[in-house]
Amino acid sequence: MTQELAGKVAIVTGGASGIGRATVELFAAEGAKVVLADVNDAQGEALAAGLGSSVLYKRTDVSQREQVQALVDFAIERFDGLHIMFNNAGISGAQHARFMDDPLQDFDKVIGINLFGALVGTQCAARHMKDHGGGVILNNASIAGVLPGQALITYRASKAALIMISKSNAIDLAEYNIRVNVLAPGHIRTPLTSFAPPDASPEVAARVKQAVGAAFDVNQPLKRTGRPEDVAQVVLFMCSDRSAQITGTVLPVDGGITAGDPVNH
Ligand code: NAD
């Protein structure tokens, strides 16, 4: 490892699982001090404990402004600064095949976590970074925020809005040397992409997960479902000084899904 993030302090929300977890592990290996924020205490605490004193767990529901402010204050107090904010926590909400069947019962929750959570994270982090030489904010959206589809309407809306606001924030915060960028992952194999209903038996859930994973593999030009580690490498680049001239971009990490014609690729 190159210790590319030596001397940096980072917050990773949704850091107990999937893309966030892979990022916490990579950031720690690259020398960063990391505060891992999540609502899954068991997984968050276990991960932090296994990575040593440079990683701390802080329970944070990102949809609650005061908890996000407390998270930022915690990082600054414990690690004496904040240079990187990765707003990654997200949920898909209840899965419905078609819009007409969608009761939209998760609307407030999905928007509260995916959109409001990232915005408040940006705001609280930027207020500190502004007075301390700048920093990097990276928001995790999705190709679902770029591509329309029949299902997951609220999720798509949350990610599309996140892309728009992130780009606007990039323009607004540039004078403080704060870079703001957005990732748009495609199909990444994580617990979030297990589409079984919550009450499914473990056997059914496993079958659904396998079937969805197989479909993900073939429905993209690279024919390989992404791994959380694939995304974490891109997060590292976008949060390091190697991307110092990049702000206001939406970067797909999608195996080529958004590159072109989905039928003839
Ligand atoms: P995941 O379910 O593995 O991890 C998400 C984490 O967020 C979990 O640890 C969960 O406990 C945490 N979380 C949920 N609600 C929270 C809250 N209110 N406050 C703080 N933490 C909370 O999912 P993942 O696939 O790693 O997703 C991470 C991000 O990547 C999400 O924003 C998701 O929308 C985005 N994304 C994922 C994919 C994919 O295919 N997996 C594709 C595109 C975008």
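To the nearest 10 degrees, how steeply does helix 153-173 sit against the main Cα axis of the chain, on a 0 to 90 scale?
Approximately 30 degrees, to the nearest 10.
Using the per-residue mean of other Cβ atoms lying within 10 Å as a proxy for protection, in what order, highest first, do the peptides 179-190, 221-232, 97-108 fall?
Ranking, from highest mean packing down: 179-190, 221-232, 97-108.
Applying 1/(1 + (r/R0)^6) with R0 = 35 Å to the Cβ-Cβ distance of Glu229 and Gln95, what FRET efficiency is obtained, to the nearest 0.05?
It comes to 0.90.
Once each part is reduced to its C-alpha centroid, what is the distance from segment 218-265 to segment 148-165 in angstrom?
Their Cα centres are 18 Å away from one another.
Starting with the fewest neighbours, write out Ser54, Ser240 ranked by other beta-carbon atoms found within 10 Å of each beta-carbon.
Ser54, Ser240
State, to one decimal in nm, how far the label point of Met164 lies from the label point of Asp80, with both points 7 Å from Cα in the Cβ direction.
4.3
What is the local net charge at Asp172, summed over the other residues whose Cβ is closer than 14 Å to its Cβ (Lys, Arg +1; Asp, Glu -1)?
+3
Would you look at the GNM of the chain, springs on alpha carbons closer than 10 Å, and say which of Asp131, Asp172, Asp61 moves the most?
Asp131
For Glu45, Glu77, what's the fewest-to-most ordering of other Cβ within 10 Å of each Cβ?
Least crowded to most crowded, the residues run Glu77, Glu45.
Provide the gained length on full extension for the span Gln123 to Glu175, in nm with one decimal, where the gain is 0.36 nm per separating residue minus the Cα-Cα distance.
Extra length available between Gln123 and Glu175 comes to 17.2 nm.
Taking a quarter of the surface of the convex hull around the Cα atoms of segment 1-94, what do you get in nm²?
5.8
What FRET efficiency comes out for Lys130 versus Gln3 if R0 is 35 angstrom and r is the Cβ-Cβ distance? Round to the nearest 0.05.
It comes out at approximately 0.85.
Name the residues of segment 167-190 whose amide N is less than 17 Å from a point 7 angstrom out from the Cα of Gln43 along the C-beta direction?
188-190
By counting other Cβ atoms within 10 Å of each Cβ, how are Lys167, Lys159 ranked from fewest to most?
Ascending number of Cβ neighbours within 10 Å: Lys167, Lys159.
If every alpha-carbon in the chain counts as one equal scatterer, what log10 I(q)/I(0) does Debye give at q = 0.09 1/Å?
Once normalised to I(0) and log-transformed, intensities are -0.38.
Which number gives the lysine pairs in the chain that have C-alpha atoms under 21 Å apart and are eight or more places apart or on different chains?
10
What does the charge count near Glu229 come to, summing +1 for each Lys or Arg and -1 for each Asp or Glu among other residues with Cβ under 14 Å from its Cβ?
Net of charged neighbours comes to +1.
Laboratory data are not the source of any read-out in this text; all were calculated from the coordinates shown. Note that the structure is predicted; figures quoted are calculated from it, not measured. Cβ coordinates were reconstructed from backbone atoms using ideal geometry, including for glycine residues, and neighbour counts include every protein chain displayed.
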